[in-house]
Amino acid sequence: MSAVEASTDRLVLTAPHTTASLATVRIFAGAAARDRLSSESVEDLKLALSELCAGGIERTDGPGRIEVEIALAPDAIDVTCRGVTALASGPAVSANDASRARVVEALIPDAAWSVDGDRQVVRFRLSDEAATGSV
């Protein structure tokens, strides 16, 4: 079961690591971003989140959670994803993770990757100005 937490400027979706959650993440992101970004940027966001979350789901050996946090600014959104695909390089990265990370980096060039405990974390800001260089 997914849960959505909301405040006036921050939305958080927590969903299980299941393939059914991918559609939920895409709908959540689209609804959160539609008033701040162009339709092209919203589609870039949904594709990037699909790739990030699919990698996290694929790598999970048991129950896990995806968390997507979207902070709303007047003309942009700040996104933090936890429990997602691994960084594009490193000794433990699968070919699928590397491919997914390259797609995300092409769509969101300033995505910042880190690790929090045993969870991959990706943070980025998306605005129509930043998206003009996207694929």
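Here, each number is a calculation from the coordinates, and none is a lab measurement. Bear in mind the structure is a predicted one, so any value in this text is a computation, not a measurement. Note: ideal-geometry Cβ built from the backbone for every residue, glycine included; neighbour counts use all protein chains shown.
Potential lengthening of the chain between Ala31 and Arg10 amounts to 6.3 nm, from the contour at 0.36 nm per residue minus the alpha-carbon distance.
In this label model, Ser94 and Ala106 are separated by 2.0 nm, measuring between points 7 Å along each Cα→Cβ vector. The modelled label-to-label distance between Leu72 and Ala20, using points 7 Å beyond Cα along the C-beta direction, is 2.8 nm.
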